[in-house]
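First comes the structure, then the notes that go with it.
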Amino acid sequence: MKLTDISNDINEWFNGSGPLADIVVSSRIRLARNIAGHKFLSHCSNTEKSEILEKLKDVLMSLELGDKTSYISVDKAPTLSRHFLVERHLISRHHAFGKGPRGVVMVQREFFTAMINEEDHLRLQVLKAGCQLSQCAEQINKIDDMIEKKVDFAFSPRYGYLTACPTNLGTGIRISVMLHLPALKMTGQIEKFFNTARAMSLAVRGLFGEGTEAASDLYQISNQVTLGIAESDIISQFENTIIPEIVEYENAARKQLLSGQANILDDKISRAMALLQNAHLISSQEALFLLSHLRLGINMHKYMGASTPAIEKLYTLCGTGRSDKENPLSIATINRLFMLTLPAHLQLNCGKTLDPTHRDALRAEIIRSALNQDTQKKT
């Protein structure tokens, strides 16, 4: 499979579907594992890293996952391809630009990837749209069991799975949920959310994980402790307490905007639409934030029945009785623009490296085409 086979559309877990999809964009569960009898990567020679890589690659490529499986040598991949894999959430930034032999095994529908020689020997991840942590856990545990029949993982009866980072020790599980929280940001309550998350021992990161800032009001929250806590308890806490509380906070902020700050909401949405439909140069960061405001307006009408002049205009553009593919504006369209206008996606899809100005021009052209009905009908 070539990266261009997937680069011109969004993947399953980012298509705007799933439970609580207006706020919960996606769910991810990751497992950290190391092979028994080998050193942690920080103490491995390149020769040993190569041995680990080949062993895990053969095992992963032999699994029956119900989808086409591909392997990419990350250390040998072009820089643009590595940036694309990070934008696509298929590998971490650390994995993309680390040192030594390393690779990724991925399935074509992108619900499962396995990073080999990232921080641990193996990092498995399963992603799904909306709030589907239990479903992610069920799928990743099956895959983990399939691998463990062929590989002995480093395990201690006292400490559980042994990992390079102490915070992953025990179950090795890291739960991550991507949330769209524009109303908390607009009402000045986002810092309160950060403080609450820290008090609950949660990590809050930006769109692309550790070390990144929030873009388009998208935040990732994840657990920080795995030792001494059962996987089922961590998942249950997220599904039954943490996520419902955050969803409640964001919905309360959206209602606050409607009741007391409707003019601010309308201004944000109207300005976003005007700029996106007419701009000829637009940066990635600006596009993400403006698209975020449109996503908020569409979701408020769809899930809350909310109505303001700007939201009504959005609803009229969305139309009635048409599928997402037919709509000039829909959540699927917005999510697609989020992903496809990122720098590496733009360059991979046009087949060449572009300087920032040409990227900004191409990004603006793609967004104008998607948001203007006449252009949409012609394509």
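The values are calculated or read from the model by the stated rules, or taken from the named source; none is laboratory data. Being a predicted model, the structure only gives us computed values, none of them experimental. Positions of Cβ are generated from backbone atoms using ideal geometry, with glycine treated the same way; all protein chains shown enter the neighbour counts.
Data table
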read-out: From the options Gln220, Gln277, Gln224, Gln237, residue that is within 19 Å of Lys185 (Cα to Cα) and either without any contact (Cβ under 8 Å) to a residue 12 or more places away in the chain or polar (S, T, N, Q) (or both); value: Gln220
read-out: Subset tally (residues that are hydroxyl-bearing (Ser, Thr, Tyr) and within 24 Å of the chain's Cα centre (by Cα)) for region 5-62; value: 4
read-out: Tally, over region 47-73, of residues that are farther than 12 Å from Asn117 by Cα and either in contact with a strand residue (DSSP E or B) (Cβ under 8 Å, 6 or more places away or on another chain) or modelled with pLDDT under 95 (or both); value: 12
read-out: Flag for Arg123 being out of contact with any Ser or Thr (no Cβ under 9 Å at 6 or more places or on another chain) and either at pLDDT 95 or above or among the basic types (Lys, Arg) (or both); value: no
read-out: Filtered residues of region 107-153 (kept if outside any loop (DSSP other than H, G, I, E, B), over 25 Å from Val25 (Cβ atoms) and touching a strand residue (DSSP E or B) at 6+ places or on another chain (Cβ under 9 Å)); value: Ile116, Leu122, Ile147, Glu148, Phe153
read-out: Failed criterion for Glu191 (all others in (1) closer than 30 Å to Asp22 by Cβ; (2) surrounded by 15 or more Cβ atoms within 10 Å (Cβ to Cβ); (3) of a type outside the set (Val, Ile, Thr); (4) free of Cβ contacts under 8 Å to residues at least 60 places away in the same chain hold); value: (2)
read-out: Any hit, region 13-33, residues being within 30 Å of Ser292 (Cβ to Cβ), surrounded by fewer than 20 Cβ atoms within 10 Å (Cβ to Cβ) and either hydroxyl-bearing (Ser, Thr, Tyr) or not assigned by TED's automatic domain parsing to the domain that holds Cys131 (or both); value: yes
read-out: Test result for Phe97, in the same structural domain as Leu41 (by TED's automatic domain parsing), under 24 Å from the mean Cα position of the chain (by Cα), surrounded by fewer than 18 Cβ atoms within 10 Å (Cβ to Cβ) and under 28 Å from Val25 (Cβ atoms); value: yes
read-out: Conditions (1) free of Cβ contacts under 8 Å to residues at least 40 places away in the same chain; (2) within 18 Å of Arg30 (Cα to Cα); (3) touching a helix residue (DSSP H, G or I) at 6+ places or on another chain (Cβ under 8 Å): number failed by Ala164; value: (1)
read-out: Whichever residue in region 105-125 is of a type outside the set (Asp, Glu) and over 17 Å from the mean Cα position of the chain (by Cα) and, among such residues, is surrounded by the most Cβ atoms within 10 Å (Cβ to Cβ); value: His121
read-out: Residue list for region 241-269, filter: over 27 Å from the mean Cα position of the chain (by Cα) and either under 30 Å from Glu365 (Cβ atoms) or outside any loop (DSSP other than H, G, I, E, B) (or both); value: Gln256, Leu258, Ser259, Gly260, Ala262, Asn263, Ile264, Asp266, Asp267
read-out: Answer residue from region 240-284, given it is under 30 Å from Ile173 (Cα atoms) and out of contact with any strand residue (DSSP E or B) (no Cβ under 9 Å at 6 or more places or on another chain) and is surrounded by the most Cβ atoms within 10 Å (Cβ to Cβ) among those; value: Tyr249
read-out: Test: residue in region 72-83 that is at positive phi and in contact (Cβ under 8 Å) with a residue 12 or more places away in the chain; value: no
read-out: Count of residues meeting criterion [assigned to a loop (DSSP other than H, G, I, E, B) and surrounded by 16 or more Cβ atoms within 10 Å (Cβ to Cβ)] in region 329-353; value: 4
read-out: Ser17 in contact with a strand residue (DSSP E or B) (Cβ under 8 Å, 6 or more places away or on another chain), part of a strand (DSSP E or B) and of a type outside the set (D, E, K, R); value: no
read-out: Counted residues, region 270-293 - those being touching a Ser or Thr at 6+ places or on another chain (Cβ under 9 Å), aliphatic (A, V, I, L, M) and assigned to a helix (DSSP H, G or I); value: 5
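Every residue, every condition in (1) touching a Leu at 6+ places or on another chain (Cβ under 6 Å); (2) over 20 Å from Pro343 (Cβ atoms), yes or no:
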| position | (1), (2) |
| --- | --- |
| Ser70 | no, yes |
| Ser73 | no, yes |
| Ala77 | no, no |
| Phe84 | yes, no |
| Glu87 | yes, no |
| Ile91 | yes, no |
| Phe97 | no, no |
| Arg102 | no, yes |
| Val105 | yes, yes |
